[in-house]
There are 2 protein chains.
Amino acid sequence: MPLMADSRNTAVARVRDLIAQTDGGALTSFLEPLHPADIAEVLDALDQEEKVLILRHLGTEKAAEVLTEVDEHSGQALLALLSNTDVVSLLGEMPSDDAVDIITALPPEKSKQVDALLPSAERQKIHDLMEFEEDTAGGIMEIEKVAVRESATVQDAIDLVRTLADEIENLEEVYVVDRDDRLVGEIPVLDLLFNKPSEKVTDVMKDNVITVPVEMDQEEVAALFGKYDEFVLPVVDDTGKLVGRITVDDIIDVLEEEASEDIARIVGTQEDEIGERSPIKISKARLPWLVIAMFGQLINALIMNHYAVSIETFITLVFFIPLVIGTAGGTGIQAAVVVVREIALGQIVVTQIGRRVFREIQVTLMNGLVLGVILFGIVYVWLGDVGLGLLLLTTLVSVSLTSALMGTVIPLVLNRTRIDPAIATGPFITVLSDIIGLVIYLAYATFYLS
Amino acid sequence: MPLMADSRNTAVARVRDLIAQTDGGALTSFLEPLHPADIAEVLDALDQEEKVLILRHLGTEKAAEVLTEVDEHSGQALLALLSNTDVVSLLGEMPSDDAVDIITALPPEKSKQVDALLPSAERQKIHDLMEFEEDTAGGIMEIEKVAVRESATVQDAIDLVRTLADEIENLEEVYVVDRDDRLVGEIPVLDLLFNKPSEKVTDVMKDNVITVPVEMDQEEVAALFGKYDEFVLPVVDDTGKLVGRITVDDIIDVLEEEASEDIARIVGTQEDEIGERSPIKISKARLPWLVIAMFGQLINALIMNHYAVSIETFITLVFFIPLVIGTAGGTGIQAAVVVVREIALGQIVVTQIGRRVFREIQVTLMNGLVLGVILFGIVYVWLGDVGLGLLLLTTLVSVSLTSALMGTVIPLVLNRTRIDPAIATGPFITVLSDIIGLVIYLAYATFYLS
């Protein structure tokens, strides 16, 4: 049964109790039936020495499973407290992709020492995996897989599955490869149950296999899983050689990471910040965008300086500056974020860009008019000034239109140039909308005053 | 092989060709080997009559698979063109959850007619599923599952799997239930391969099963899949009765939907807008927040009216209003979005809220100081005014601090009250930050002028 919040607190209290009683046997038998992910949650609530103690009371295999489940920041701290030989034996029990994540997260000195202690076959596997970019199929795949040659029988495949079942999690398919390890087909494990053991694997395999190129970006890999509803996909290099496989649980992590990244960008910070504990690092993540935004707003100061005469003549103009630039920024970012999300989900077809922009113009004209008419009413009632009301109405319509157009067109153009359109969802588009909004307002106002 | 963008265009051209030649046989044999998801992509590029023609040239089973893959908006249009009997036979080939999605998407009149034509067993299944809220486990589960009684043997389970394998996709586990259909254990299909056919299922099953309560929110269900790395989970009602199962491919859809929802909220629109084609509906999604934001900014107009004397005395003050409120809004939303994302990912522990707020204060003081010092330098060089420089420096530090505190505390408080904290990431927090920022600036300025 999964641990819910209440039972987690009870579990933490019970573990603390058993630690205080130094009752190792009872501790082991309390932890044994728990899911590694639940033990990881209990660990998160304990302090460092307690964590190490718990890991020591679990078997190496279970401890390794728990370690792949704890969150990255506390995992790093925990590993630093373990001896190099402990780390090596834990790595031996992990799927290759988790082992790589752990070894790259160690402090450089310790990472080197652990690396030197690894059995050479495992070191080779880990080094091979470390070659791949973190954000590609190679970076998230695991090397472990079940593959048989074309000459094998169904019985051979069953025997191999039996041998490897303990070692490989989420075994869904047996892959069939040729003499050069090129993937030629796959057999779902369920089909091993339904075919005669004497049949040749090539006679029962599916040869129309969906494969992932090893250098494919992880976001595209996630889209592939989403599109084909597969749970495990084989990864091949550019010669078609089977090099690993990706399981859908890693895709869930990719989707969460990518969503965090998109959300972080909208407000001008970095995905790394989420869960980060060092104030200096958080500050560094946010500051660049704040500085850029400030310089953008300094341009607004220059613009107002330029229009100082109009402003001094008619101070009431100033009262509505936050409203005008707020509407401009808000409209621009709404348009940009929706377009970027549609691009990310593959919902924008190149041939329909004209239609997409036209739709945005319709929406914005409606919204700008509604806002403008409401504001006209308020200004008329508050200040009794029809001229100012009309000025604000035309300003809001114009400003909404330019901001929304910018918010729509900039991501679409960036997408064509292979620059990630998500950068247009940041403070960049807000500030740009602010500036253009202010210029329009003060230009109209000056014309109106003259 | 999956279709890439290029081969999709080629496929679309080829299909159009075959339609023009009215060569039905060639069309069928061209489409047959393609994955349903790829056919769906080809369909998206065709016009309505062509789509119907394609569906007619696929077998009912394949056509049903394709229909579950096309995007919601074009699927609805397509179904409207099919006869009621066609729709009924397509529904018969679909997993129950997809059938429900389709029947609820039909126009009410057609939906009623189709419902009346359904075989009664199937109608019952669909009506049962429609009882559940759309965003809960019950709303995303499928009813199809493989379950055996406690008295069954491994051979019984194998026979049942063999019978149902065609009908049920992604068969991962055989469930074991008692006489009242309560779930008592599960057997991974792989284990059917490794155990003697004569063994009792109760002797080989795993009885520590992770289950999903049928009324659990889909976001929590996704978190459960993420935590336990499972591909399929059984769904039980509050008596422990097995009612369905959820597969991880549906969880991927949930994650994309929830990410879209979070992103839409940050900019004050609705998730439904993404992919929506009606300008009126898009306008309705965005307008409420724009109006609220406008009223917020009207408060700013009142504040400036209140401080009109200070403003008129020293017009240069006005130049920096966009900068001050821009920084306030930006800082507030950065803090809010990060906190909300941490809550969503389960990274905020209740006992550490004090520490979390303290960290935010440290970050903000640093950022406020850096921005303030840069601005001081610029104002000094530009206007040679030390007093205004100092005024802006203290304003930026104060404004950053209050905005970031609000951005951190409001989502945390909302989370306690069971209101979705994500509403604090919308224009709400930006406008609130703007207002407080402006008050601080003008209050300081008035004090400074006096």
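Suppose we filter B:Lys51, B:Lys62 for residues that are under 19 Å from B:Ala99 (Cβ atoms) and either in the same structural domain as B:Gln113 (by TED's automatic domain parsing) or small (Gly, Ala, Ser) (or both); which single one remains? Please lay out each step first, then the result.
Details: B:Lys51 fails: under 19 Å from B:Ala99 (Cβ atoms).
Just one listed residue meets the conditions, B:Lys62.
When region A:42-91 is examined, which residues are found to be part of a loop (DSSP other than H, G, I, E, B) and within 19 Å of A:Gln113 (Cβ to Cβ)?
The initial filter retains those residues of region A:42-91 that are part of a loop (DSSP other than H, G, I, E, B), namely A:45-47, A:58-59, A:68-71, A:82-83.
Across region A:42-91, the qualifying residues are A:Leu82, A:Ser83.
Only one residue in A:Arg162, A:Arg179 is surrounded by fewer than 21 Cβ atoms within 10 Å (Cβ to Cβ) and touching a Phe, Trp or Tyr at 6+ places or on another chain (Cβ under 8 Å), so which one is that? Write out each step before concluding.
Working: A:Arg179 fails: touching a Phe, Trp or Tyr at 6+ places or on another chain (Cβ under 8 Å).
A:Arg162 is the lone residue from the list that is surrounded by fewer than 21 Cβ atoms within 10 Å (Cβ to Cβ) and touching a Phe, Trp or Tyr at 6+ places or on another chain (Cβ under 8 Å).
Looking at (1) crowded, with 24+ Cβ neighbours inside 10 Å; (2) without any contact (Cβ under 8 Å) to a residue 12 or more places away in the chain; (3) of a type in the set (Val, Ile, Thr), which one does A:Val291 not meet, given that it meets all the others?
(1)
In region A:302-323, which residues are among the aliphatic types (A, V, I, L, M) and either in contact with an Asp or Glu (Cβ under 8 Å, 6 or more places away or on another chain) or within 13 Å of B:Ala308 (Cα to Cα) (or both)? Explain how you work it out, then say what you get.
Just the residues of region A:302-323 that are among the aliphatic types (A, V, I, L, M), to begin with: A:302-304, A:308-309, A:311, A:315, A:317-318, A:321, A:323.
The answer is A:Ile311, A:Ile315, A:Leu317, A:Val318.
Quick test for you: out of B:Thr153, B:Thr136, pick the one residue that is over 19 Å from B:Gln218 (Cα atoms), surrounded by 18 or more Cβ atoms within 10 Å (Cβ to Cβ) and at pLDDT 90 or above.
Numbers: B:Thr136 fails: over 19 Å from B:Gln218 (Cα atoms).
Only one candidate qualifies: B:Thr153.
If you check B:Gly384, B:Gly389, B:Gly407, which single one turns out to be in contact with a helix residue (DSSP H, G or I) (Cβ under 7 Å, 6 or more places away or on another chain) and away from chain A (no Cβ under 11 Å)? Explain how you work it out, then say what you get.
Values: B:Gly384 fails: in contact with a helix residue (DSSP H, G or I) (Cβ under 7 Å, 6 or more places away or on another chain); B:Gly407 fails: away from chain A (no Cβ under 11 Å).
Every option except B:Gly389 fails the conditions.
Identify, by number, the condition in (1) in contact with a Gly (Cβ under 9 Å, 6 or more places away or on another chain); (2) aromatic (Phe, Trp, Tyr); (3) at pLDDT below 95 that A:Tyr175 doesn't meet.
Failed condition: (3).
In this structure, does B:Leu242 turn out to be without any contact (Cβ under 8 Å) to a residue 24 or more places away in the chain, closer than 28 Å to B:Glu131 by Cβ, more than 8 Å from chain A (Cβ to nearest Cβ) and crowded, with 20+ Cβ neighbours inside 10 Å? Please lay out each step first, then the result.
Working: without any contact (Cβ under 8 Å) to a residue 24 or more places away in the chain: no; closer than 28 Å to B:Glu131 by Cβ: yes; more than 8 Å from chain A (Cβ to nearest Cβ): yes; crowded, with 20+ Cβ neighbours inside 10 Å: yes.
For B:Leu242, the condition - without any contact (Cβ under 8 Å) to a residue 24 or more places away in the chain, closer than 28 Å to B:Glu131 by Cβ, more than 8 Å from chain A (Cβ to nearest Cβ) and crowded, with 20+ Cβ neighbours inside 10 Å - is not met.
Yes/no per residue for (1) part of a helix (DSSP H, G or I); (2) without any contact (Cβ under 8 Å) to a residue 24 or more places away in the chain; (3) surrounded by 22 or more Cβ atoms within 10 Å (Cβ to Cβ):
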| position | (1), (2), (3) |
| --- | --- |
| A:Ser398 | yes, no, no |
| A:Leu414 | yes, yes, no |
| A:Ile423 | yes, no, no |
| A:Thr430 | yes, no, yes |
| A:Ile436 | yes, no, no |
| A:Val439 | yes, no, no |
| A:Tyr444 | yes, no, no |
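Taking A:Val248 and the conditions (1) surrounded by 24 or more Cβ atoms within 10 Å (Cβ to Cβ); (2) more than 7 Å from chain B (Cβ to nearest Cβ); (3) among the hydrophobic types (A, V, I, L, M, F, W, C), which numbered condition does it fall short on, given that it satisfies the others?
The failed condition is (2).
Give just the number: which of (1) surrounded by fewer than 22 Cβ atoms within 10 Å (Cβ to Cβ); (2) more than 23 Å from the chain's Cα centre (by Cα) does A:Gly329 not satisfy?
Evaluating A:Gly329 over (1) surrounded by fewer than 22 Cβ atoms within 10 Å (Cβ to Cβ); (2) more than 23 Å from the chain's Cα centre (by Cα) leaves (1) as the failure.
For region B:336-372, name all the residues that are small (Gly, Ala, Ser), at pLDDT 90 or above and surrounded by 24 or more Cβ atoms within 10 Å (Cβ to Cβ). If you could, list the steps in order and put the result at the bottom.
Residues of region B:336-372 that are small (Gly, Ala, Ser), as a first pass: B:336, B:344, B:346, B:354, B:368, B:372.
Narrowing further to those that are at pLDDT 90 or above: B:368, B:372.
Answer for region B:336-372, where residues must be small (Gly, Ala, Ser), at pLDDT 90 or above and surrounded by 24 or more Cβ atoms within 10 Å (Cβ to Cβ): just B:Gly368.
For every residue, the table says whether it meets (1) within 25 Å of A:Glu61 (Cα to Cα); (2) exposed (fewer than 15 other Cβ atoms within 10 Å of the Cβ); (3) among the aromatic types (Phe, Trp, Tyr); (4) within 11 Å of chain B (Cβ to nearest Cβ).
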| residue | (1), (2), (3), (4) |
| --- | --- |
| A:Phe132 | no, no, yes, no |
| A:Ile140 | yes, no, no, no |
| A:Ala157 | no, no, no, yes |
| A:Asp191 | no, no, no, yes |
| A:Thr202 | no, no, no, no |
| A:Glu215 | no, yes, no, no |
| A:Val235 | no, no, no, no |
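Report whether or not B:Gln347 is within 24 Å of B:Ala223 (Cα to Cα) and either over 26 Å from the mean Cα position of the chain (by Cα) or not assigned by TED's automatic domain parsing to the domain that holds B:Tyr441 (or both).
Details: within 24 Å of B:Ala223 (Cα to Cα): yes; either over 26 Å from the mean Cα position of the chain (by Cα) or not assigned by TED's automatic domain parsing to the domain that holds B:Tyr441 (or both): no.
No: the conditions fail for B:Gln347.
Restricting attention to region A:352-396, which residues are free of Cβ contacts under 8 Å to residues at least 24 places away in the same chain and charged (D, E, K, R)?
Listed by number, the residues that qualify are A:Arg355, A:Arg359.
Could you list all residues from region A:251-301 that are closer than 30 Å to A:Asp97 by Cα, more than 7 Å from chain B (Cβ to nearest Cβ) and of a type in the set (Gly, Ala, Ser)?
A:Ala264, A:Ser278, A:Ala285
Report, by residue number, each residue of region A:159-170 that is more than 32 Å from the chain's Cα centre (by Cα), among the acidic types (Asp, Glu) and away from every other protein chain (no Cβ under 11 Å).
Selection gives nothing.
Can you list the strands (runs of 3 or more DSSP E) found entirely within region A:162-279 that contain at least 1 residues being of a type in the set (S, T, N, Q)? Working first, answer last.
Values: elements: A:173-177, A:183-188, A:232-236, A:242-247.
Per the criteria, A:242-247.
For (1) at the interface with chain A (Cβ under 10 Å from one of its Cβ atoms); (2) modelled with pLDDT of 90 or more; (3) under 25 Å from A:Gly275 (Cα atoms), each residue gets a yes or a no:
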residue	(1), (2), (3)
B:Leu375	yes, yes, no
B:Ser403	no, yes, yes
B:Pro421	no, no, yes
B:Ile435	yes, yes, no
B:Ala443	no, yes, no
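Kindly indicate which of A:Ser83, A:Ser89, A:Ser111 is outside the structural domain of A:Ala223 (by TED's automatic domain parsing), under 30 Å from A:Leu233 (Cα atoms) and polar (S, T, N, Q).
On the way: A:Ser83 fails: under 30 Å from A:Leu233 (Cα atoms); A:Ser111 fails: under 30 Å from A:Leu233 (Cα atoms).
Among A:Ser83, A:Ser89, A:Ser111, only A:Ser89 is outside the structural domain of A:Ala223 (by TED's automatic domain parsing), under 30 Å from A:Leu233 (Cα atoms) and polar (S, T, N, Q).
Quick one: which of A:Ile348, A:Ile303, A:Ile343 is farther than 21 Å from A:Glu261 by Cβ, in contact (Cβ under 8 Å) with a residue 24 or more places away in the chain and touching a Leu at 6+ places or on another chain (Cβ under 9 Å)? Step through it out loud before you land on a result.
Working: A:Ile348 fails: farther than 21 Å from A:Glu261 by Cβ; A:Ile343 fails: farther than 21 Å from A:Glu261 by Cβ.
Answer to the check: A:Ile303.
The values are calculated or read from the model by the stated rules, or taken from the named source; none is laboratory data. In this text, all values refer to a predicted model and were calculated from it rather than measured experimentally. Don't worry about glycine lacking a Cβ; one is built from the backbone with ideal geometry, like all the others, and counts go over all protein chains shown.
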